[in-house]
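The values are calculated or read from the model by the stated rules, or taken from the named source; none is laboratory data. A quick note: this is a predicted structure, and the numbers were derived from the prediction, not measured. Methodologically, a virtual Cβ is constructed for each residue, glycine included, from the backbone with ideal geometry; neighbour enumeration extends over all protein chains shown. When the accessible area is computed, the model is the full protein with side chains, heavy atoms only, and any ligands, DNA or RNA have been set aside. Shrake-Rupley method; radii C 1.70, N 1.55, O 1.52, S 1.80 Å.
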Amino acid sequence: MAQLDRRNFLAGAAVVAFDPADSRWLSSLPENSTAIQLPPLDGELVTDEEALTEAATDYGHLAHRRPRAVLRPGSVDDVVTLVRFANEHGLVVAVRGQGHSTFGQAQADCGVVIDSRTLATIHEVTPDRAVVDAGVQWLDLVRIALVDGVAPPVSTDFLGLSVGGTLCVGGIGGASQHFGMLVDNTLELQVVTGDGRLVTCSADHEPELFEAVLGGLGQFAIIVRATVRLVRAPALARVYTLTYPQVTDLTAAQRTALADGRFDYLEGQLVPTDDDDFTFVLEGGAWYTTEPPDDAALLAGLAPAGVDVADVPYFEWLNRVYETVEQIEALRLPSPWLNAFIPDAVTDEIVAELLKTLTPADAGGVALLYPTRRALVTRPQVVVPDGEVFFLLALLRAVSPPDDAHAERLIADNDALYARVLAAGGAQYPVNALHLTPADWRTHYGDRWPVVLRDKDLYDPRGVLTPGQGIFEPVSRAPGTP
Ligand SMILES: Cc1cc2nc3c(=O)[nH]c(=O)nc-3n(C[C@H](O)[C@H](O)[C@H](O)COP(=O)(O)OP(=O)(O)OC[C@H]3O[C@@H](n4cnc5c(N)ncnc54)[C@H](O)[C@@H]3O)c2cc1C
């Protein structure tokens, strides 16, 4: 899954032309036809069944929109070429990173999917930054950076995600309480805008574009390269697993730990019990290299019912869920996820309501619940609630055995929970299976909506990019019309 299989790569039927009369891609250019030759590519555009099926599939196994072709770019120029071609011929384009979306966000119905796994070079690692292609997995960057004793300041729980895919959504983890999200630790981007311009942007250069793209759900530009911040990494993680009988005990302890920032990493979980209920777990991490942390100081005032302490190499800690996720992925289960940001003041109330009906099976096993600081989330496209602190609630649902009706019911549950969270001043973290209309997205962006519209007009005026998010009404296109 992680890297493209070379044999499959070579087996693809390469495309050389496009016939706008019937939107067909052709592997030869017939004489006297209306077909248009594709400009030369360093990689290749393919239309074989395997490539199209993969591009119509994601982690969620709920949405299946088939593209008509898949680009495996051999260079950034290929991305520019394809996006310009799409603008000229009225095609939609989406990048697929590691395809860990849950509801077709990286799909492009009848369009072209760019498979970013062929753009996966780590160009440079220095003590304070790395320059990487968008198709690089965080796992590969972390592995290489740790050789030099550095790592990104914050990591997602699962490292098998692409840099481009996570920078499109935000990238939250247990260290976000100190460093914000991955997007807050991105220094520069090289992007291909929706109208096909290759631009380097940062807080100082083209700042509007930089702000539009980070957390921009792929709507304005394709990220082809990113410069991300690195910090000195510890050798070890001491991990404290604290159990609580009541969810309010958990959130109280989390608030105490967040307030003084005692842990380097702070998350929490609703963990299924044998009697089909939940117990509540605070997960705190303290990093160290030589001097172990002071257990008593770290546990003071947290009043857990149970304590487990373990030391693990830092890399193992960062990569702790990789194998489990791979095993789950192999089952290809419908996975209607719901991730929401809930204002601190209403978190206990909303979670208590949820727990009245939530079963471990409907939660997908473990659910995540942890607080972070709003002030550290600095990128305007990432919508988070007002107030000093908000909680992430993540229902990582999986329907086992696969059952369409059950999956639909859970998506309807997601819709209802999202409505409740929204009414209480919360927001969705947009990696979900939710039925969202463009009007819902307007609500999501709130006061920022005029800026979102302006940026779409500025950077992707023909609405070429990333239709799978469903943020804008589809642009109607007669075949072959630009
Ligand atoms: C098992 C698992 C664990 C996760 N853990 C976390 C976590 O701890 N924290 C967290 O924040 N999130 C987490 N997520 C959510 C994850 O960050 C997002 O779903 C992310 O978008 C997935 O990255 P991807 O490479 O698979 O992206 P894809 O699913 O391939 O794409 C996601 C979206 O980004 C667009 N896109 C992808 N690459 C680019 C690019 N280069 N330029 C422009 N647009 C692009 C796609 O078109 C699509 O709209 C997790 C998801 C899974 C399945």
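Taking the condition out of contact with any strand residue (DSSP E or B) (no Cβ under 7 Å at 6 or more places or on another chain), surrounded by 23 or more Cβ atoms within 10 Å (Cβ to Cβ) and at pLDDT 95 or above, does Pro371 pass? No. Applying the condition of being charged (D, E, K, R) and in contact (Cβ under 8 Å) with a residue 24 or more places away in the chain to region 113-156 and asking which residue is nearest to Gly215 (Cα to Cα) yields Asp133. Tell me, which residue of region 302-319 that is part of a loop (DSSP other than H, G, I, E, B) and open to solvent by less than 70 Å² (accessible area, probe 1.4 Å) is nearest to the ligand (Cβ to nearest atom)? Going through the qualifying residues, I end up with Asn319.
In region 184-208, the residue that is nearest to the ligand (Cβ to nearest atom) out of those that are closer than 19 Å to Gly171 by Cα and surrounded by fewer than 24 Cβ atoms within 10 Å (Cβ to Cβ) is Gln190.
Taking the criterion of being of a type outside the set (Val, Ile, Thr) and within 19 Å of Gln428 (Cβ to Cβ), the residues of region 443-464 that qualify are His444, Tyr445, Gly446, Asp447, Arg448, Trp449.
Considering region 35-66, the residues that are of a type in the set (Val, Ile, Thr) and in contact (Cβ under 8 Å) with a residue 40 or more places away in the chain include one that is least open to solvent (accessible area, probe 1.4 Å), namely Thr57.
Among the residues of region 392-431, just one is within 17 Å of Asp58 (Cα to Cα), small (Gly, Ala, Ser) and open to solvent by 60 Å² or more (accessible area, probe 1.4 Å), namely Ser400. Within region 134-163, being among the acidic types (Asp, Glu) and either within 9 Å of the ligand (Cβ to nearest atom) or assigned by TED's automatic domain parsing to the domain that holds Pro313 (or both) holds for one residue alone: Asp157.
For region 67-105, name all the residues that are among the β-branched types (Val, Ile, Thr) and open to solvent by less than 20 Å² (accessible area, probe 1.4 Å).
Val70, Val79, Val80, Val83, Val93, Thr102
Contact annotation: residue pairs with Cβ atoms under 7 Å, 6 or more positions apart or on different chains, pairing a residue in region 160-174 that is touching a residue at least 40 places away in the same chain (Cβ under 8 Å) and hydrophobic (A, V, I, L, M, F, W, C) with a partner that is more than 6 Å from the ligand (Cβ to nearest atom) and assigned to a helix (DSSP H, G or I), are Leu161/Trp138; Val163/Trp138; Leu167/Leu182; Leu167/Val183. Scanning region 343-368 for residues being more than 20 Å from Gly60 (Cα to Cα) and either of a type in the set (S, T, N, Q) or in a helix (DSSP H, G or I) (or both) gives a total of 14. Close Cβ contacts (under 7 Å, 6 or more residues apart or on different chains) running from residues in region 280-292 that are under 23 Å from Leu258 (Cβ atoms) and in a loop (DSSP other than H, G, I, E, B) to residues that are open to solvent by 10 Å² or more (accessible area, probe 1.4 Å) and of a type outside the set (Gly, Ala, Ser) comprise Pro292/Arg238. Among the listed residues Ala108, Ala130, which satisfies the condition of being within 13 Å of the ligand (Cβ to nearest atom), closer than 29 Å to Val383 by Cα and either among the aliphatic types (A, V, I, L, M) or open to solvent by 10 Å² or more (accessible area, probe 1.4 Å) (or both)? None of the others qualify; the one that does is Ala108. Residues that are part of a strand (DSSP E or B), more than 8 Å from the ligand (Cβ to nearest atom) and not β-branched (Val, Ile, Thr) within region 211-241 comprise Arg225, Ala226, Arg229, Arg232, Leu236, Ala237, Arg238, Tyr240, listed in sequence order.
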